[in-house]
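The values are calculated or read from the model by the stated rules, or taken from the named source; none is laboratory data. Values in this document were obtained by computation on a predicted structure and should not be read as measured data. Cβ placement follows ideal geometry from the backbone for every residue including glycine, while neighbour counts extend to all protein chains displayed. When the accessible area is computed, the model is the full protein with side chains, heavy atoms only, and any ligands, DNA or RNA have been set aside. Shrake-Rupley method; radii C 1.70, N 1.55, O 1.52, S 1.80 Å.
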Amino acid sequence: MISYCIKRPFQILMYLLLQILFIPLALIGIVDGIHKGIINSKKLGVSFSACRALQYKWFMHYFETRPDPLTVQFIKKFPCESHLGLLATFGPLILSQRLFGFETSLSKLDKPGEEGYLSFAGPRVIKFDEIVEKHIQEVEQIVMPGAGFDLLALKYTQGKKVKVFEIDQSATINLKVETLKEAGIAFDQVTYIPVDYQNESWSEKLQEADFDQTQKTLFIWQSVSLFLEEETVKETLKQMAALCTEDSIVVQDIYSDAYISGKASKAVK
């Protein structure tokens, strides 16, 4: 107890000193982050929130809760995210953790069932990992509707004979492919399918892209159905069911009624 009472103030003091030293870098990083995150994403016609989705996996890598060098490699060349800005802003916390053992909410994961409305993002990432790891040896195809800039399928299919189909809007697909090339990340196993959701059917576009309906398929529908109306979600699930074998798998995340209504938290509402 005495040791902790001495150790914790020391960790906080070291963190504050590092934070002061980083102020000039942080200011530069914030400006670069705003330029790339807001201005570039608007200029390139891609979703701001889709770009931000990469951040949490960057955090998890640097705070050592989930190694993901692929995402870091991608972000370094991604025009809508600032690797420098993230390091400059969170560098003091990262160094404080590694040098002095200073723990924050970013450096630990809540146990299943103990997540809060501000801390569920990390456990959700881990849960998707676990599901993909469980089924990667038994499926022949992976389909990611609304894949965005996520590299989950790439992470688990490198060196494996699994076909991957990623579906999203043209601007997102084009920017993702350009960034992968810039970052030197191989993506031979992935077929990228641009779709205009207002005027085209994603399922028809998928079938036109050599998707095999006789093969066992894993659909990864991550951070998409949360934001859609109930009828749209039901219709999409029906399309998935019609596309593949009965033993295929769909993994998706959903919000509970309590979460959406604000019963769990007024801040969320």
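Think of a 1.4 Å ball rolled over the protein heavy atoms: region 161-269 then has 59 Å² of accessible area per residue. Over the Cα atoms of region 215-256, the radius of gyration divided by the Kirkwood radius equals 0.98; this is the Rg/Rh ratio.
Please give the calculated 222 nm ellipticity per residue for the chain, where each DSSP H segment of at least 4 residues contributes -39500 (n - 2.57) and the sum is spread over every residue; nearest 500 deg cm²/dmol? Rounded to the nearest 500, it is -15500 deg cm²/dmol. The figure for R66 is an accessible area of roughly 10 square angstrom, using a 1.4 Å probe on the protein chains alone.
Per the Debye calculation on region 73-220 with a single equal scatterer at every Cα and no solvent contribution, log₁₀ I(q)/I(0) for q = 0.11, 0.13, 0.16, 0.18 Å⁻¹ amounts to -0.56, -0.76, -1.05, -1.19.
Please compare each pair in K161/K181; K77/K238; K127/K181; K205/K263 to a cut-off of 31 Å on the Cα-Cα distance and tell me which ones are over it. List each step's numbers first, then the result.
Numbers: K161/K181 21 Å; K77/K238 37 Å; K127/K181 29 Å; K205/K263 40 Å.
Violating the 31 Å limit, Cα to Cα: K77/K238; K205/K263.
For each pair in K36/K134; K43/K155; K36/K163; K57/K134; K234/K266; K42/K76, compute the distance between the two Cα atoms and list the pairs where it is over 25 Å. From the list (K36/K134; K43/K155; K36/K163; K57/K134; K234/K266; K42/K76), the Cα-Cα distance tops 25 Å for K36/K134; K43/K155; K36/K163; K234/K266. Note on the chain: Kirkwood hydrodynamic radius from all Cα pairs is 20.5 Å, rounded to one decimal.
In plain terms, the C-alpha convex hull of region 1-126 casts an average shadow of 8.9 nm² when viewed from every direction.
Roughly speaking, what is the centre-to-centre gap between region 238-269 and region 138-178 when only Cα atoms are used, to the nearest Å? Distance between centres, Cα-based: 20 Å. Left without a cysteine partner by the 4.7 Å Cβ rule in the chain: C5, C244. Simple spin-label estimate for A53 and S261 gives 2.9 nm between the two label positions (7 Å along the Cα-to-Cβ direction from each Cα). Provide, in order from the shortest bin, the percent of all Cα-Cα pairs of region 88-150 in each 5 Å bin, continuing until the bin that contains the maximum pair distance. Pairs per bin, as whole percents: 3, 13, 16, 16, 17, 16, 10, 6, 3, 0.
Sequence-ordered 3J(HN,Hα) estimates for region 32-39 from the Karplus curve with 6.51, -1.76 and 1.60 and θ = phi - 60° stand at 5, x, 5, 4, 6, x, 9, 5 Hz, glycine and proline given as x. Within the accessible area of the chain, the carbon and sulfur atoms contribute 57%, probe 1.4 Å, all protein chains present. If you sort the three axes of the alpha carbon gyration tensor as a ≥ b ≥ c, you get a/c of 1.5 or more for region 135-254 and a/b no higher than b/c, which makes it oblate.
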